[in-house]
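Take a look at the structure below.
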Amino acid sequence: MNPTNRKITEAANFIRERIIGQPLIGMITGTGLGNLTDVMEIAKRIPYEQIPHFPKSTVESHAGILVSGSMAEKSILAMQGRFHIYEGYTANEITFPIRVMARLGVKYLFVVSAAGGLNPLFKPGEVMLVTDHINLTGDNPLIGKNIDELGPRFPDMTSAYDKDLTVLSKEKAREEKIILNQGIYVGITGPSLETPAETRFLRSIGGDAVGMSTVNEVIAAVHCGLKVLVIVALTNSNLPDCMTPTSMEDVILNAKKASSSLTKLLPAIIKDLEK
Ligand code: HPA
(Lines give C-alpha, C1' and ligand atoms only; values in the text may rest on other atoms or scores of the structure.)
Protein backbone atom coordinates (compact mmCIF):
# COMPACT_ATOMS: atom_id res chain seq x y z
CA MET A 1 0.00 0.00 0.00
CA ASN A 2 1.16 3.56 -0.77
CA PRO A 3 2.65 4.93 2.52
CA THR A 4 0.48 8.08 2.47
CA ASN A 5 -2.60 5.99 1.82
CA ARG A 6 -1.69 3.76 4.78
CA LYS A 7 -1.31 6.85 7.03
CA ILE A 8 -4.72 8.13 5.88
CA THR A 9 -6.28 4.80 6.82
CA GLU A 10 -4.57 4.76 10.24
CA ALA A 11 -5.71 8.30 11.08
CA ALA A 12 -9.24 7.58 9.84
CA ASN A 13 -9.45 4.36 11.91
CA PHE A 14 -8.29 6.26 15.02
CA ILE A 15 -10.97 8.94 14.54
CA ARG A 16 -13.73 6.46 13.61
CA GLU A 17 -13.28 4.66 16.94
CA ARG A 18 -13.79 7.92 18.83
CA ILE A 19 -16.76 9.54 17.10
CA ILE A 20 -20.39 8.54 16.95
CA GLY A 21 -21.98 7.81 13.59
CA GLN A 22 -21.06 8.71 10.08
CA PRO A 23 -20.10 12.36 9.43
CA LEU A 24 -21.77 13.95 6.39
CA ILE A 25 -19.85 17.23 6.36
CA GLY A 26 -16.20 18.04 6.89
CA MET A 27 -15.57 21.63 7.95
CA ILE A 28 -12.40 23.72 8.26
CA THR A 29 -12.39 26.97 10.19
CA GLY A 30 -9.62 29.54 10.12
CA THR A 31 -8.20 32.65 11.76
CA GLY A 32 -10.61 34.06 14.36
CA LEU A 33 -13.36 31.77 13.04
CA GLY A 34 -12.98 28.79 15.35
CA ASN A 35 -16.05 29.93 17.29
CA LEU A 36 -18.24 28.64 14.44
CA THR A 37 -18.17 25.39 16.33
CA ASP A 38 -20.17 27.24 19.06
CA VAL A 39 -23.27 26.59 16.95
CA MET A 40 -22.51 22.87 16.89
CA GLU A 41 -23.80 20.26 19.29
CA ILE A 42 -20.41 18.92 20.26
CA ALA A 43 -20.06 15.23 21.06
CA LYS A 44 -16.29 14.83 21.04
CA ARG A 45 -13.10 16.88 20.84
CA ILE A 46 -9.88 15.27 19.63
CA PRO A 47 -6.65 17.33 19.82
CA TYR A 48 -4.67 17.04 16.59
CA GLU A 49 -1.58 15.84 18.44
CA GLN A 50 -3.40 12.65 19.45
CA ILE A 51 -4.30 11.71 15.87
CA PRO A 52 -1.69 9.55 14.14
CA HIS A 53 0.20 11.36 11.34
CA PHE A 54 -1.75 14.64 11.73
CA PRO A 55 0.40 17.77 11.29
CA LYS A 56 0.69 20.05 14.37
CA SER A 57 -0.96 23.49 14.43
CA THR A 58 1.66 26.19 15.07
CA VAL A 59 -0.51 29.33 14.74
CA GLU A 60 -1.84 30.92 17.94
CA SER A 61 -5.29 31.84 16.52
CA HIS A 62 -5.83 28.23 15.40
CA ALA A 63 -6.90 25.82 18.12
CA GLY A 64 -5.80 22.49 16.65
CA ILE A 65 -8.80 20.40 17.66
CA LEU A 66 -10.97 18.07 15.64
CA VAL A 67 -14.56 18.51 16.77
CA SER A 68 -17.19 15.88 16.12
CA GLY A 69 -20.88 16.65 16.50
CA SER A 70 -23.83 18.07 14.61
CA MET A 71 -25.16 21.31 13.19
CA ALA A 72 -28.81 21.70 12.15
CA GLU A 73 -29.16 17.97 12.86
CA LYS A 74 -26.52 16.93 10.33
CA SER A 75 -23.36 15.14 11.41
CA ILE A 76 -20.15 17.21 11.15
CA LEU A 77 -16.46 16.72 11.64
CA ALA A 78 -14.93 20.17 12.08
CA MET A 79 -11.27 21.15 12.09
CA GLN A 80 -10.84 23.98 14.55
CA GLY A 81 -7.62 25.34 13.11
CA ARG A 82 -5.88 24.46 9.88
CA PHE A 83 -2.35 24.21 8.49
CA HIS A 84 -0.65 26.70 6.21
CA ILE A 85 2.26 26.66 3.78
CA TYR A 86 3.80 29.58 5.71
CA GLU A 87 4.17 27.31 8.74
CA GLY A 88 6.63 25.29 6.71
CA TYR A 89 4.27 22.58 5.46
CA THR A 90 3.82 21.44 1.87
CA ALA A 91 0.41 21.50 0.17
CA ASN A 92 0.45 17.72 0.47
CA GLU A 93 0.89 17.83 4.26
CA ILE A 94 -1.73 20.56 4.74
CA THR A 95 -4.38 18.51 2.98
CA PHE A 96 -3.77 15.25 4.88
CA PRO A 97 -6.81 15.87 7.18
CA ILE A 98 -9.10 16.39 4.17
CA ARG A 99 -8.11 13.03 2.78
CA VAL A 100 -8.77 11.51 6.19
CA MET A 101 -12.22 13.11 6.30
CA ALA A 102 -12.94 11.73 2.82
CA ARG A 103 -11.83 8.27 4.01
CA LEU A 104 -14.28 8.65 6.90
CA GLY A 105 -17.03 9.08 4.32
CA VAL A 106 -17.86 12.80 4.42
CA LYS A 107 -19.58 13.98 1.23
CA TYR A 108 -19.18 17.72 1.64
CA LEU A 109 -16.28 19.98 2.54
CA PHE A 110 -17.17 23.40 3.95
CA VAL A 111 -14.20 25.76 4.20
CA VAL A 112 -14.28 29.03 6.09
CA SER A 113 -11.24 31.29 6.00
CA ALA A 114 -10.06 34.85 6.41
CA ALA A 115 -9.16 36.93 3.35
CA GLY A 116 -8.34 40.46 2.31
CA GLY A 117 -10.87 42.11 -0.02
CA LEU A 118 -9.44 43.09 -3.43
CA ASN A 119 -12.83 44.13 -4.80
CA PRO A 120 -13.44 47.77 -3.83
CA LEU A 121 -17.16 47.09 -3.37
CA PHE A 122 -16.56 44.64 -0.51
CA LYS A 123 -16.30 45.84 3.10
CA PRO A 124 -14.29 44.37 5.99
CA GLY A 125 -16.56 42.31 8.22
CA GLU A 126 -18.65 41.12 5.24
CA VAL A 127 -18.49 37.61 3.80
CA MET A 128 -17.81 36.34 0.27
CA LEU A 129 -18.91 33.13 -1.39
CA VAL A 130 -15.99 31.78 -3.41
CA THR A 131 -17.05 30.84 -6.95
CA ASP A 132 -13.56 30.08 -8.31
CA HIS A 133 -9.91 30.40 -7.37
CA ILE A 134 -6.43 31.16 -8.66
CA ASN A 135 -3.68 29.12 -7.01
CA LEU A 136 -0.55 31.27 -6.67
CA THR A 137 0.98 29.26 -3.84
CA GLY A 138 3.43 27.60 -6.21
CA ASP A 139 2.44 24.24 -4.77
CA ASN A 140 -0.24 21.60 -5.37
CA PRO A 141 -1.32 18.77 -3.06
CA LEU A 142 -1.40 16.33 -5.98
CA ILE A 143 2.28 16.67 -6.84
CA GLY A 144 3.99 13.28 -6.59
CA LYS A 145 2.72 9.81 -7.35
CA ASN A 146 -1.06 9.84 -7.67
CA ILE A 147 -2.93 7.88 -5.02
CA ASP A 148 -5.45 6.16 -7.27
CA GLU A 149 -7.55 5.10 -4.25
CA LEU A 150 -8.22 8.82 -3.63
CA GLY A 151 -8.89 10.11 -7.11
CA PRO A 152 -7.68 10.63 -10.68
CA ARG A 153 -4.23 11.87 -11.78
CA PHE A 154 -5.68 14.92 -13.56
CA PRO A 155 -8.86 15.98 -11.74
CA ASP A 156 -11.14 18.36 -13.59
CA MET A 157 -11.49 21.75 -11.91
CA THR A 158 -14.21 23.37 -14.04
CA SER A 159 -16.81 23.00 -11.25
CA ALA A 160 -14.58 22.90 -8.18
CA TYR A 161 -17.06 25.03 -6.25
CA ASP A 162 -20.31 23.06 -6.22
CA LYS A 163 -23.07 24.81 -8.19
CA ASP A 164 -25.95 23.46 -6.06
CA LEU A 165 -24.23 24.63 -2.86
CA THR A 166 -23.71 28.07 -4.45
CA VAL A 167 -27.41 28.37 -5.30
CA LEU A 168 -28.45 27.16 -1.84
CA SER A 169 -26.05 29.58 -0.10
CA LYS A 170 -27.36 32.56 -2.02
CA GLU A 171 -30.96 31.59 -1.27
CA LYS A 172 -30.23 31.21 2.45
CA ALA A 173 -28.27 34.49 2.61
CA ARG A 174 -31.30 36.25 1.12
CA GLU A 175 -33.62 34.65 3.66
CA GLU A 176 -31.30 35.48 6.57
CA LYS A 177 -30.70 39.04 5.23
CA ILE A 178 -26.95 38.56 5.10
CA ILE A 179 -24.85 40.39 2.50
CA LEU A 180 -23.15 37.54 0.62
CA ASN A 181 -20.62 38.92 -1.85
CA GLN A 182 -19.31 36.48 -4.42
CA GLY A 183 -16.06 36.27 -6.30
CA ILE A 184 -12.68 34.77 -7.01
CA TYR A 185 -10.20 33.87 -4.27
CA VAL A 186 -6.48 34.12 -4.93
CA GLY A 187 -4.36 31.81 -2.77
CA ILE A 188 -0.84 32.93 -1.86
CA THR A 189 1.59 31.52 0.70
CA GLY A 190 2.16 34.55 2.94
CA PRO A 191 3.08 35.17 5.68
CA SER A 192 3.97 38.66 4.49
CA LEU A 193 0.98 40.66 3.33
CA GLU A 194 0.91 42.11 -0.20
CA THR A 195 2.79 45.15 -1.42
CA PRO A 196 0.64 47.71 -3.30
CA ALA A 197 2.13 46.43 -6.61
CA GLU A 198 1.20 42.84 -5.73
CA THR A 199 -2.32 43.91 -4.75
CA ARG A 200 -2.73 45.74 -8.09
CA PHE A 201 -1.53 42.59 -9.87
CA LEU A 202 -3.91 40.29 -7.96
CA ARG A 203 -6.86 42.53 -8.78
CA SER A 204 -5.83 42.80 -12.44
CA ILE A 205 -5.76 39.00 -12.85
CA GLY A 206 -9.36 38.80 -11.61
CA GLY A 207 -9.08 38.34 -7.85
CA ASP A 208 -11.82 39.57 -5.52
CA ALA A 209 -10.15 38.36 -2.31
CA VAL A 210 -6.71 37.10 -1.30
CA GLY A 211 -5.72 34.73 1.46
CA MET A 212 -3.06 32.34 2.70
CA SER A 213 -5.02 29.09 2.61
CA THR A 214 -8.00 27.33 0.99
CA VAL A 215 -6.86 26.69 -2.61
CA ASN A 216 -4.83 23.56 -1.90
CA GLU A 217 -7.53 22.24 0.44
CA VAL A 218 -10.09 22.69 -2.34
CA ILE A 219 -7.87 20.91 -4.89
CA ALA A 220 -7.43 17.92 -2.54
CA ALA A 221 -11.18 17.83 -1.82
CA VAL A 222 -12.14 17.92 -5.50
CA HIS A 223 -9.55 15.19 -6.18
CA CYS A 224 -11.28 12.86 -3.75
CA GLY A 225 -14.77 13.70 -4.97
CA LEU A 226 -16.08 15.99 -2.23
CA LYS A 227 -18.63 18.72 -2.90
CA VAL A 228 -17.00 21.99 -1.87
CA LEU A 229 -18.38 25.20 -0.39
CA VAL A 230 -16.05 28.04 0.57
CA ILE A 231 -17.13 31.23 2.29
CA VAL A 232 -14.48 33.74 3.33
CA ALA A 233 -14.60 36.37 6.02
CA LEU A 234 -13.31 39.65 4.58
CA THR A 235 -11.04 40.83 7.34
CA ASN A 236 -9.46 43.87 5.67
CA SER A 237 -9.56 45.86 2.43
CA ASN A 238 -6.61 45.28 0.18
CA LEU A 239 -6.81 48.13 -2.33
CA PRO A 240 -3.60 49.40 -3.94
CA ASP A 241 -4.45 53.10 -4.11
CA CYS A 242 -5.64 53.53 -0.53
CA MET A 243 -3.72 50.80 1.26
CA THR A 244 -3.41 51.15 5.00
CA PRO A 245 -1.33 48.82 7.17
CA THR A 246 -3.23 45.68 8.16
CA SER A 247 -2.88 44.60 11.76
CA MET A 248 -3.55 41.08 13.03
CA GLU A 249 -5.91 42.70 15.61
CA ASP A 250 -8.06 44.16 12.77
CA VAL A 251 -8.05 40.83 10.97
CA ILE A 252 -9.29 39.01 14.06
CA LEU A 253 -11.85 41.74 14.93
CA ASN A 254 -13.38 41.68 11.43
CA ALA A 255 -13.26 37.87 11.35
CA LYS A 256 -15.40 37.94 14.53
CA LYS A 257 -17.83 40.38 12.85
CA ALA A 258 -18.09 38.13 9.80
CA SER A 259 -18.45 35.04 11.94
CA SER A 260 -21.71 36.40 13.40
CA SER A 261 -23.09 36.22 9.79
CA LEU A 262 -21.58 32.79 9.30
CA THR A 263 -23.06 31.36 12.47
CA LYS A 264 -26.50 32.18 10.99
CA LEU A 265 -25.76 31.29 7.38
CA LEU A 266 -24.01 27.94 7.79
CA PRO A 267 -26.72 26.21 9.87
CA ALA A 268 -29.36 27.52 7.40
CA ILE A 269 -27.43 25.98 4.48
CA ILE A 270 -26.75 22.75 6.33
CA LYS A 271 -30.39 22.34 7.34
CA ASP A 272 -31.40 22.04 3.67
CA LEU A 273 -28.45 19.93 2.58
CA GLU A 274 -29.22 16.63 0.86
CA LYS A 275 -27.92 13.61 2.74
N1 HPA B 1 -3.75 39.17 2.32
C2 HPA B 1 -3.45 37.87 2.43
N3 HPA B 1 -4.03 37.08 3.31
C4 HPA B 1 -4.96 37.61 4.11
C5 HPA B 1 -5.30 38.96 4.06
C6 HPA B 1 -4.66 39.79 3.11
O7 HPA B 1 -4.92 40.99 2.99
N8 HPA B 1 -6.25 39.18 5.01
C9 HPA B 1 -6.47 37.98 5.61
N10 HPA B 1 -5.69 37.03 5.09
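Cα convex hull, the stretch 3-271: 113 Å³ per residue, rounded to a whole number.
Using just its DSSP H runs of length 4 or more, each adding -39500 (n - 2.57), the chain gives a mean residue ellipticity at 222 nm of -9000 deg cm²/dmol after division by all residues.
Computed over protein heavy atoms with a 1.4 Å probe, the accessible surface of the stretch 3-271 works out to 43 Å² per residue. Taking the longest Cα principal axis of the chain as reference, the axis of helix 163-176 is set at about 60 degrees.
Counting protein heavy atoms only, the stretch 47-174 has 53 percent of its accessible area on carbon and sulfur, 1.4 angstrom probe. Over all projection directions, the Cα-based convex hull of the stretch 84-203 averages an area of 9.1 nm². Could you tally the net charge around Leu226, taking each other residue with its Cβ under 12 Å from the Cβ of Leu226, Lys/Arg +1 and Asp/Glu -1? Combined, the nearby Lys, Arg, Asp and Glu give +2.
Under a 5 Å amide H cut-off, with hydrogens placed 1.01 Å from N, Met27 pairs with Leu77, Ala78, Met79, Phe110 among residues at least 5 apart or on other chains.
With both labels modelled 7 Å from their Cα along Cα-to-Cβ, the Ser204 to Asp38 distance reads 4.2 nm. Coupling constants for the stretch 256-270 follow from the phi torsions by the Karplus curve (6.51 cos²θ - 1.76 cosθ + 1.60, θ = phi - 60°), and in residue order they are 5, 4, 5, 6, 6, 6, 5, 6, 8, 5, 4, x, 5, 5, 5 Hz; glycine and proline get x. Rounded to the nearest 5, the antiparallel percentage of DSSP beta bridges internal to the chain is 35%. For Ile134, nonlocal amide neighbours, meaning residues 5 or more places apart or on other chains whose placed amide H falls under 5 Å from its own, are Tyr185, Val186, Gly187.
The values are calculated or read from the model by the stated rules, or taken from the named source; none is laboratory data. All values reported here derive from a predicted model rather than from experimental measurement. Reconstructed Cβ throughout: ideal geometry from the backbone, glycine too, with neighbour counts over all protein chains shown. What goes into the accessible areas is simple: the full protein's heavy atoms, side chains included, and nothing from ligands, DNA or RNA. Shrake-Rupley method; radii C 1.70, N 1.55, O 1.52, S 1.80 Å.
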